[in-house]
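Everything below concerns the one structure shown next.
Each value in this text was obtained by applying a stated rule to the coordinates, not by laboratory testing. For clarity, every value in this text was computed on a predicted model and none was experimentally measured. Cβ: placed from backbone, ideal geometry, glycine included. Neighbour counts: every protein chain shown.
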There are 2 protein chains.
Amino acid sequence: MKEKNVTIRDVAKHLGVSIATVSRAISQPDRVSKKSLERVQKAVNELGYRPNLLSQNFRYKRSNTLIVLIPNIENLFFSQLIRGIESVAQQAGFNVLLGDTQDSPERELNYINLVETQQADGIIQLATFNPEFSIIPSTKIPLVSAGGSANTPYPTIRIDNIHAAADIARHLIALEHTEFAVITGLKNDQNTHERLKGFCDTLLDHSLSLPDTRIYSGDYSLASGYENGLRIIAKPESQRPSAIFCFNDEMAMGACKAIREAGLNIPEDISVIGFDGLQIGEYNEPALTTIMQPGRSLGEQAARYILQWIDGDKPDYNDVIVEHQLLIRQSCDKHKVK
Amino acid sequence: MKEKNVTIRDVAKHLGVSIATVSRAISQPDRVSKKSLERVQKAVNELGYRPNLLSQNFRYKRSNTLIVLIPNIENLFFSQLIRGIESVAQQAGFNVLLGDTQDSPERELNYINLVETQQADGIIQLATFNPEFSIIPSTKIPLVSAGGSANTPYPTIRIDNIHAAADIARHLIALEHTEFAVITGLKNDQNTHERLKGFCDTLLDHSLSLPDTRIYSGDYSLASGYENGLRIIAKPESQRPSAIFCFNDEMAMGACKAIREAGLNIPEDISVIGFDGLQIGEYNEPALTTIMQPGRSLGEQAARYILQWIDGDKPDYNDVIVEHQLLIRQSCDKHKVK
DNA sequence: GATTGTATGGTAACCGGTTACATTTTGCGT
DNA sequence: ACGCAAAATGTAACCGGTTACCATACAATC
């Protein structure tokens, strides 16, 4: 069934030349005579010869492959990052291997193994390794984190989460809100800590605060936004916050649904703000006010960084901050005192 | 800078045994004595030896890699498929290479090349090749399409689009709608043709019809749903359809936004129905009625199919139909005659 | 003690390219 | 026609594993 592939030796034999000539005709055309070049090209076409890249990779000890570690591929923010990574990688002749880790340490280890066994040349980690169980790989492995947080043992390409969360706080304060709730990301996620810190510190600067009972723990999913939204709404009106800061847009959309279903209006009765700047947030009812993270650009820069490192020329900067932007749409408005 | 890796020969030399013994200790432990086994294991740990899988792959002429061709990675339906594929592949020890083709034939060709040059063992195409420009690869290459259409020269795992579109038509007819519009997918997409056919044929069965002026051409994006929604709304009320069938959920969400902004109510004034059954459709205002495609399962089955084929044992069925389901939520209701 | 079987381990070929080095051919000047 | 440098080509080693085949050691059998 499986016919054997045409090899360089077949081509050489067919032409009565050495394999070196064939190899050179293909990879260094000016090292062979015009006549040989033409004969080889003709033979390659006739025989349908395709060089086996597996053997090339083996020879060069290079797989030309990048791994992208993704906590959850169904998260739209990551899709943007991937797109950025993919386009840079493709241009550089690199392939992108998908690593859906589903937050599992075994799966992470699995992918790190691929680099150690030379099946891949480097890793881009989306978001940050969960410090609780993450296998922090040797720093000899080209590894960069994109869209994550500071304080990692490896380079990062990211926005300033603290600053972004502070921007959110200031925006809500400017709208005269005083009672807040947040729906956070995963408990051990660095992004969660930084956004929480940026938000709370800024509240304190304005003599406001966020009580622990107003901190709801989510997991970045639509469903967790919805559930936490229900919990917030369930409180008697006098105890409800007037603004909710959700640590990503998906949870914000979930929370909005809960609020709408309760018959309340956004932003008249309650303001909701998201994080990430997903395009789909614009189609939410109401369109989500949020922080725009330039996902595509984050991905591109991460890819460029890792490619340079793989080329043996690790950049001398370790923490690239990309500008975020407060995207004011319709889900936040001035707080109305009753 | 780059220290060389420990090879099997280093381990052998270190122990004063042959490389064959080391190799066997690792891959066929019962072929060596207990003593040798222990010594090798110890040395492997001490020296930090990791077998070079690049050379293994080369030896076995197997890359253990699957390519997933994705027209657009930011489309949520594809994310589900990928997740299904990834989990099956991972279990089988296969890696998943991401091929974001962005509907470009050069990029498609690029990925097909990877199989021809043995860097990958098979391809899963999400949706269908665009017949206009697609490079239909040789049937010798393990290739399967998931979530696409019938009438392809390669195997498919899919739902019955015609039947699903018919279900939609019947549902809308049962709700007493008589004036319809559709927002289709890409013009050359097979899915578009089939859904259109299924819908129109069923209308005809009920002595209804869809005039060409009510067929709006979209591209599966949120934005194109919105724009076409605006166009539909722009017509004078007497000429407007009472129900819009969008060929995916994203466009349906876009259309809903346009309709909401025009001050109309869904489903009271106009019904909207989507396609794909994305989770996020539940968070739309109003929650989208749609056709559920079991994305995860489609992906899993596609992966199993291609893995079997790669193993040299191509399944003898060529067209797997997976059950779809009409998901009734809130965006369609009985037509009210004014 | 000779014969046979089994367990163990070594030697070397092999996968399909690339390329350093050696060798042959070509082209050019005189 | 000869000499010599440059161009073209060939030979063979190499990348790092796997494994067919062979050699040796030792135990069991008669």
Select from region B:285-307 the residues that are surrounded by 20 or more Cβ atoms within 10 Å (Cβ to Cβ), of a type in the set (A, V, I, L, M) and not in a helix (DSSP H, G or I) and list them in ascending order. B:Leu288, B:Ile291
Please specify each residue of region B:90-110 satisfying the condition of being out of contact with any Phe, Trp or Tyr (no Cβ under 9 Å at 6 or more places or on another chain), more than 9 Å from every other protein chain (Cβ to nearest Cβ) and assigned to a helix (DSSP H, G or I). B:Gln91, B:Glu106, B:Leu109
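Rundown of residues vs (1) more than 19 Å from B:Asp189 (Cα to Cα); (2) of a type outside the set (S, T, N, Q), yes/no style:
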site: B:Leu53; (1), (2): yes, yes
site: B:Asn57; (1), (2): yes, no
site: B:Tyr60; (1), (2): yes, yes
site: B:Asn64; (1), (2): yes, no
site: B:Val68; (1), (2): no, yes
site: B:Gly84; (1), (2): yes, yes
site: B:Thr101; (1), (2): no, no
site: B:Glu106; (1), (2): no, yes
site: B:Ile112; (1), (2): yes, yes
A careful count of residues in region A:39-62 that are closer than 17 Å to B:Glu116 by Cα, without any contact (Cβ under 8 Å) to a residue 24 or more places away in the chain, within 12 Å of DNA strand D (Cβ to nearest atom) and not hydrophobic (A, V, I, L, M, F, W, C) gives 3
Just to be sure I understand the filter: pairs with C-beta atoms under 7 Å, separated by 6 or more residues or on different chains, first member in region A:7-21 and within 14 Å of another protein chain (Cβ to nearest Cβ) and closer than 15 Å to A:Gln56 by Cα, second member within 10 Å of DNA strand D (Cβ to nearest atom) and not in a loop (DSSP other than H, G, I, E, B). Which pairs pass? A:Ile8/A:Ile19; A:Ile8/A:Val22; A:Ile8/A:Ser23
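Going through A:Gly198, A:Gly148 one at a time, which residue ends up being assigned to a loop (DSSP other than H, G, I, E, B), of a type outside the set (D, E, K, R) and crowded, with 19+ Cβ neighbours inside 10 Å?
Values: A:Gly198 fails: assigned to a loop (DSSP other than H, G, I, E, B).
Step by step, each of A:Gly198, A:Gly148 is checked, and only A:Gly148 is assigned to a loop (DSSP other than H, G, I, E, B), of a type outside the set (D, E, K, R) and crowded, with 19+ Cβ neighbours inside 10 Å.
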If I filter region A:309-322 for residues that are part of a helix (DSSP H, G or I) and not β-branched (Val, Ile, Thr), do I get at least one hit? yes
Looking only at region A:66-89, which residues are more than 8 Å from chain B (Cβ to nearest Cβ), of a type outside the set (A, V, I, L, M) and free of Cβ contacts under 8 Å to residues at least 60 places away in the same chain? A:Pro71
Just need a number here: residues in region A:151-201 that are in contact with a strand residue (DSSP E or B) (Cβ under 7 Å, 6 or more places away or on another chain) and basic (Lys, Arg). 2
I'd like to check something: does region A:162-177 contain any residue that is under 19 Å from the mean Cα position of the chain (by Cα) and within 13 Å of chain B (Cβ to nearest Cβ)? no
If you go through A:Glu116, A:Glu108, the only one that is within 12 Å of DNA strand D (Cβ to nearest atom) and touching a residue at least 24 places away in the same chain (Cβ under 8 Å) is A:Glu116
Out of region A:22-38, which residues are away from chain B (no Cβ under 14 Å), within 22 Å of B:Gln118 (Cα to Cα) and of a type in the set (A, V, I, L, M, F, W, C)? A:Val22, A:Ala25
Output the residues belonging to region B:201-238 that are closer than 16 Å to B:Ile273 by Cβ and assigned to a loop (DSSP other than H, G, I, E, B). B:Leu208, B:Leu210, B:Gly218, B:Tyr220
How many residues does region A:14-47 hold that are loosely packed, with under 13 Cβ neighbours inside 10 Å and away from DNA strand C (no atom under 11 Å from the Cβ)? 6
If you go through region A:68-88 one residue at a time, do you hit one that is more than 30 Å from B:Arg296 (Cα to Cα) and either of a type outside the set (Ser, Thr, Tyr) or within 16 Å of DNA strand D (Cβ to nearest atom) (or both)? no
Got at least one residue in region A:230-238 being within 14 Å of another protein chain (Cβ to nearest Cβ), buried (at least 22 other Cβ atoms within 10 Å of the Cβ) and either within 23 Å of A:Leu196 (Cα to Cα) or of a type in the set (Asp, Glu) (or both)? no
Verdict on A:Gln125 being closer than 25 Å to B:Gln102 by Cβ, more than 13 Å from every other protein chain (Cβ to nearest Cβ) and either touching a strand residue (DSSP E or B) at 6+ places or on another chain (Cβ under 7 Å) or not hydroxyl-bearing (Ser, Thr, Tyr) (or both): yes
